1. All but one of (1) at pLDDT 80 or above; (2) over 14 Å from the mean Cα position of the chain (by Cα); (3) among the polar types (S, T, N, Q) hold for A:Thr318, so report the exception by its number.
2. Surrounded by fewer than 22 Cβ atoms within 10 Å (Cβ to Cβ), over 18 Å from B:Glu281 (Cα atoms), of a type in the set (Gly, Ala, Ser) and modelled with pLDDT of 80 or more: which single residue out of A:Gly293, A:Gly303 fits that description?
3. Which residues, taken from the range A:257-307, are over 21 Å from A:Ala154 (Cβ atoms) and within 11 Å of chain B (Cβ to nearest Cβ)?
4. Being open to solvent by 50 Å² or more (accessible area, probe 1.4 Å), over 18 Å from the mean Cα position of the chain (by Cα) and more than 26 Å from A:Gly293 (Cβ to Cβ) narrows it down to one residue among B:Ser238, B:Ser229; which is it?
5. A:Glu212 fails exactly one of the following numbered conditions: (1) within 14 Å of chain B (Cβ to nearest Cβ); (2) open to solvent by less than 40 Å² (accessible area, probe 1.4 Å); (3) over 22 Å from the mean Cα position of the chain (by Cα). What is the number of that condition?
6. Kindly evaluate A:Val366 against the criterion of being buried (at least 20 other Cβ atoms within 10 Å of the Cβ), under 22 Å from B:Ala184 (Cβ atoms), at pLDDT 80 or above and out of contact with any Cys (no Cβ under 8 Å at 6 or more places or on another chain).
7. For the range A:80-112, how many residues meet the condition of being open to solvent by less than 40 Å² (accessible area, probe 1.4 Å) and either in contact with a strand residue (DSSP E or B) (Cβ under 6 Å, 6 or more places away or on another chain) or among the polar types (S, T, N, Q) (or both)?
Amino acid sequence: MTVTDIRDHARAGRWDAVLGVLGFIAVLAAGYYYNLTFVQLGLIDLGTRVVGLPGTTVSLAMAGFALAAFAAAVVAGVSLDRRGLGGDLTAKVRVLALVVGTQWLLTILAPFVATPNTYVAWLLACALAIGVGMPVTFALAVDLVPVPDRGLVAAVATAVAFFMAAVYPMNWRVEEFAGVLVPAMAPGVLLFAVLASGRTGVLERLSRYGGEHSIGRFCRPEPVRTGSWGFWVLVVLMFGAFFVDSLGFLRIVETPVFVLTSWQSPDVGVRVFIGGTHVVAALAAGVLYRSFGRRALFLWVFGMFAFTHLLYTFDLRTATDASGTPPLLLPAAYATAVSFYTTLNFAIWPDLSTPRTACTHAALGVGIAGWLATFLSTSLALYLSAAEVTVLSHLTLVNALTLLLFVGLGVALYLKRVVHHGRAAA
Amino acid sequence: MRPEAVPFVIVALLLASSGGAGSADVVLAGDRVVTEGGGSAGALIVAGGNVTVPAGTTIQGPVYVADGSLSVAGRVDGDVVALAGGLSVADTGAILGTLENYGGSVSVAPGATIADRAETPVLPDRPPGSSLGFALLEAIIAGLAGFLVGRRFPGLLRNVGGAATEHPVVSTTVGGLVGVTALAVGVFMAFTLILLPVAALAFLATLLVAGYGVLGLGYALGDRMGRFSPGRATAIGSVAVVLVLRVLALIPFVGAVAALTVVSIGFGGALVTYLGTTHFEPARVPSLE
C-alpha cells in the first residue's frame, strides 16, 4: 500500500488537506523569517544603536536569549507531550495563537525600548515566546504535512524565508523591521485568533488527516525513542551544523570586505543572487531529502560547510589588496550549505516523531542543535574576539571543525559498515 | 570568474607551475591595483575582475591573463601571457619579458615598450562549415564509444539510462550539485599548485563520467527508437544526444541551460547508480500496513 502524499489529496479533491500544507509552509516560513531578521539582526541593532550598549554586552545578551529560548522550548515541548497535546491540533493552534499575539505585541513595543533593563526584559519575554512557539510549530507537521512531502515542504519554507530575508527589508534597523513585520503579522494574528476560537470547524476537518500523517518517515515501523542513540546522534550532528554556521557567520558579518558580498550588501543584485541561490539550494536539498537517507544528507551538509570555509580562508590568504571584492562564489557556497541544513532541520524532527513525541523531539532537536549551539558559538566568538584572534585564524578554526565533522562522519559510517559486515560474517 | 574561464585558469596554473613559480597570486573578481611589492613572490594570474599596474610601479612577472582584464601603465619585469580576457598596455607601460598572446584581446599603445612579442592564436579563424564538421566528428566519436560500451556493458548503461529517465529530478539535482562542486573544488585544488596534477586528473575524471552519462542517455533514447542490439541502440542514441546538445548550444542562454541540464541528468544518473553498477531506487516511506 502506498503512503498518501499531497498529490493524492489534490487528485481526490481534498483541498482542505492541501490548504493545511500551504498553511504550514506559511507559518514555518514566516516564523523563520522573523527569527532570521528581527531576532538575529534587529535585536543586535536595538541593543547597540537604540539602547547604546557595547557590542560585547549585546552579544552576551543574545547568548542569554538563546539559552532562555532553549530552556523555554524544552519545558514547553516536554509539558505538551506529557499532557498528550502533541497530537492535538486544536490545542497546538491555541498555544500558537497566544505566541503569535505575544510576538506581535513585542514587535510593536520594540522600537520604544530605550534602557538596558527594558532591553533585557524584552529579550526574556521574546525568548519565552519563541521557545514555546518553536516546538509547537514543528509539531504541526504531524497533523498537516504528508510524510513523503516533508522534504519538499521544508525546502519551500526554507526558500521563502531565506529569499525574503536576503532581499527585504533594505535597512537592517529595528524600526525598519518592526515597520515591515507589524502590518505583515496583523492578518496572521487575526487568522490564528479565529482558528483558535474553534468556531470555524477547519481544525476538526484537518485533524482527520492526522492519522495518515502522524508517524514520521524514520519511525516506521518502530518509533524513534527520545533516549535512543538514533535520536541523539542526529541531535549532535545537527548541533555541529548550527555551531559551525553560527561561529563562521558571526565573524564574516563583522568583516567589512565580506559584507560587500553578504546579505548586508548595499547592492540589490548581490542580495537577489544570494536569495536565488538559497532557493535553488533549498529545492535541491528537498529533492535529496526525499530520495536519500539521513547519512548522505549530513555528509553533504558538512562537506558543503567544509568547502565553504575553505573558500573563505583561501580568499583571506590570497587577497593582497583590501579593496578587492570577494567573488560571489563565497556567499553562494555559504547560502547553499545553510539552505541544505535548514531544510534538513525543518524536515527531520517531525520525521523522527509520532504524535506522542512530536513536541519533545522538536524542542530537544531544535533547542539543543539550534539555540544551545548558537549560545555556545556566540560565547566562543566573543572569547576569540576578546583574545584578538584574526579573521583568518577564526575562520581556519571553523574550517578545521567542519573538516573534522565531515571526515569524522565519513569514517564513523564506514566503521559502522565494517562492524555490520563483521557481525554478519561471524 | 566565469565558469568558461576555468580551463584557461588551469592552463595558466600549469604554465606558472612549469615555469618554476612556487606560488601564485590569483585575482578572481573585483578591481585590484597592484602595488610595488604588494603581490606574492610568485606568478600573478588574472582570472577575473580588472587588474591595474599603475604608472611608476614595477612588478615581477610572469603574469597570466585567463579572464577579466589587465591594464599595464607601469612596468612588468618578466613575461606577460594572454590566454584569454583583455590586456592593454598604455604609453607609459613596459613589458621587459615577452608578451605572448594565445587568445586574448591585446591592445598596445604606440609609446609602450615591449621587449619581445609573440602571437600564437590557438583558435584561428575557421572556414564556414567547419563547425558542422566538428559537430559531426563529435557525433561519430560518441557513436563509436556508445557502440563499444553498449555492446560490452549493456547492463551498466541500462542502469544509468534508467535512473536518468525514471528519476530525472533526482539525477539532475545530484548531477548539477556534484558538477558545480567538483568544478569549484578542482579549481581551488589547482590554485595550490602542489595539487595541480590531482586537479587535472579530477577534471578529466569528471569529464569522462559526464561523457559516460551521455552514453547512458543515448542507450535509453536508442532503446526507445526501435528494436536494435544494445550496441547499435547506444550508438544511435548517443549520436542523437550529441547532435541535440549541439543544436541547443546554438540558442543563446536558454539553449545553454537546457544543454547543461541534459548533461547533468546523464551525469547524475551515472553517479546515483555508482557508474551503472546498481539500479537506483530512491528512498521510500514505508507503509504502516
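The values are calculated or read from the model by the stated rules, or taken from the named source; none is laboratory data. What you see is a predicted model; the values in this text were computed from it and never measured. Neighbour counts are summed over all protein chains in view; Cβ atoms, including those assigned to glycine, are modelled from backbone coordinates with ideal geometry. Side chains are part of the model used for accessible areas, which takes the heavy atoms of the whole protein and leaves out ligands, DNA and RNA. Shrake-Rupley method; radii C 1.70, N 1.55, O 1.52, S 1.80 Å.
1. (1)
2. Going through A:Gly293, A:Gly303 in turn, just one is surrounded by fewer than 22 Cβ atoms within 10 Å (Cβ to Cβ), over 18 Å from B:Glu281 (Cα atoms), of a type in the set (Gly, Ala, Ser) and modelled with pLDDT of 80 or more: A:Gly303.
3. The answer is A:Val257, A:Leu260, A:Thr261, A:Ala306, A:Phe307.
4. Just one listed residue meets the conditions, B:Ser229.
5. Looking at each condition in turn, A:Glu212 falls short on (2).
6. For A:Val366, the condition - buried (at least 20 other Cβ atoms within 10 Å of the Cβ), under 22 Å from B:Ala184 (Cβ atoms), at pLDDT 80 or above and out of contact with any Cys (no Cβ under 8 Å at 6 or more places or on another chain) - is not met.
7. The number of residues fulfilling the criteria is 3.
One line per residue, one yes/no per condition, for (1) within 25 Å of A:Leu299 (Cα to Cα); (2) open to solvent by 60 Å² or more (accessible area, probe 1.4 Å):
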position: A:Thr374; (1), (2): yes, no
position: A:Thr378; (1), (2): yes, no
position: A:Thr390; (1), (2): no, yes
position: A:His394; (1), (2): yes, no
position: A:Ala400; (1), (2): yes, no
position: A:Val419; (1), (2): yes, yes
position: A:Gly422; (1), (2): yes, no
position: A:Ala425; (1), (2): no, yes
